[in-house]
Amino acid sequence: MPRVNLKGSSSIVTGGASGIGAGCARQLAEVGSKVVIADLNEEKGREIAAEIGGVFVKCDVTRTEDADAAVTAACALGPLRACVNSAGLGAPGRTIDRNNVPLDLDKFSFVIKVNLIGTFNVLSRAAAAMAQTEPMDEDGSRGAIVNMASAAAFDGQIGQASYSASKGGIVGMTLPVARDLSAVGIRVNTIAPGLIDTPIYGEGEHAEAFKAHLGQSVLFPKRLGSAEELAFAVMECITNPYLNAEVIRLDGGIRMPPK
């Protein structure tokens, strides 16, 4: 069975305006898919969309209306074959602080809402559209979904309770969602990145020194990963027709310490 051919298809990448999402969007465009950049950052989102010949849709992943708008835009470009859920955020906070005050529940809930519920919201709306396309091959394949977890799903650090819980939820739903969608020929996989060099670390000499220090904790190679390297793994999940229901750590072998 050959690799999945994405020429003439459409794709959705949430969080596609920067970092990991932008890296995935570029590689999807390179293989001939028309990409919808679904993000809240209009300036950067339109910039990436223009660069790759795609479309920008302003999207809050927690809103079904916004997810539907991204899906509608994708379907207008071609049959929807891929959805990469890269949108996410973190809000560090210990379960109780130094004064024994518990973490604000709204702060915890917000991270869960964006990272976990937002991922399910977009994947379910995208899957409904994929299910209505014509199969691509004799297996009845209709598309693939890749969700973004984190090494923190397994090695959560101090202050990462909400983030780790949200990413652990993404890991936990990978198999049941893949089982749900197997009936319509849609594969589902999850990537769990480690330390990836994205704009979250800032720019300048201080940022570069900090990233170099972080990289020393990686088993090998001793550096942060790149968005391009992460996108390689995402593309494997999408184009390898036998890769399904898997969670893949992409972290250079790092195991995160408590802090």
> Expressed as a whole percent, how much of the Cα-Cα distance distribution for the range 74-227 exceeds 25 Å?
Replying inline: 43 percent
> For Val84, which sequence-distant residues (separation of 5 or more, or a different chain) have an amide H within less than 5 Å of its own amide H, given hydrogens modelled in the peptide plane?
Replying inline: Ile12, Val13, Thr14, Val146
> Given a Förster distance of 22 angstrom, what is the FRET efficiency for Ser124 paired with Leu40, based on the Cβ-Cβ distance and rounded to 0.05?
Replying inline: 0.65
> From the backbone phi of the range 156-164, what are the Karplus-calculated ³J(HN,Hα) couplings (6.51 cos²θ - 1.76 cosθ + 1.60, θ = phi - 60°) in whole Hz, Gly and Pro given as x?
Replying inline: x, 9, 4, x, 10, 4, 5, 5, 5
> For Ala183 and Leu105 in the same chain, what is the full-extension length gain: residue separation times 0.36 nm, less their Cα-Cα distance, in nm?
Replying inline: 24.3 nm
>> Need one number: nm distance between label points at Lys211 and Arg255, each 7 Å from Cα along Cα→Cβ, rounded to one decimal.
In response: 2.7 nm
> Whole-Hz Karplus ³J(HN,Hα) for the range 69-78, in order, using 6.51 cos²θ - 1.76 cosθ + 1.60 and θ = phi - 60°, x for Gly and Pro?
Replying inline: 5, 5, 5, 4, 4, 5, 5, 6, 9, x
> Hey, what number do you get for the chain at 222 nm if only DSSP H runs of n ≥ 4 count, each worth -39500 (n - 2.57), divided across all residues, to the nearest 500?
Replying inline: -12500 deg cm²/dmol
> Taking the Cα centre of each part, how many Å lie between the range 19-91 and the range 182-196?
Replying inline: 17 Å
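Within the range 10-250, what percent of beta bridges assigned by DSSP are antiparallel, to the nearest 5?
Working: 1 of 31 bridges.
Percent antiparallel among DSSP bridges in the range 10-250 is about 5.
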> Once both labels are modelled 7 Å past Cα along the beta-carbon direction, what's the Glu134-Ala50 spacing in nm?
Replying inline: 3.6 nm
> Under the Karplus relation 6.51 cos²θ - 1.76 cosθ + 1.60, θ = phi - 60°, what is the ordered set of whole-Hz ³J(HN,Hα) values for the range 192-206, x standing for Gly and Pro?
Replying inline: 10, x, x, 8, 10, 6, 10, x, 4, 8, x, 9, x, 4, 5
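Compute the signed sum of charges (Lys and Arg +1, Asp and Glu -1) over the other residues within less than 14 Å, Cβ to Cβ, of Val61.
-1
Past the 21 Å Cα-Cα mark, which pairs from Lys58/Lys211; Lys167/Lys259; Lys58/Lys113; Lys211/Lys259? Mind showing how you got there, number by number?
Working: Lys58/Lys211 31 Å; Lys167/Lys259 18 Å; Lys58/Lys113 18 Å; Lys211/Lys259 15 Å.
Check vs 21 Å cut-off fails for Lys58/Lys211.
Laboratory data are not the source of any read-out in this text; all were calculated from the coordinates shown. Computed from a predicted model, the values in this text were never measured in an experiment. Don't worry about glycine lacking a Cβ; one is built from the backbone with ideal geometry, like all the others, and counts go over all protein chains shown.
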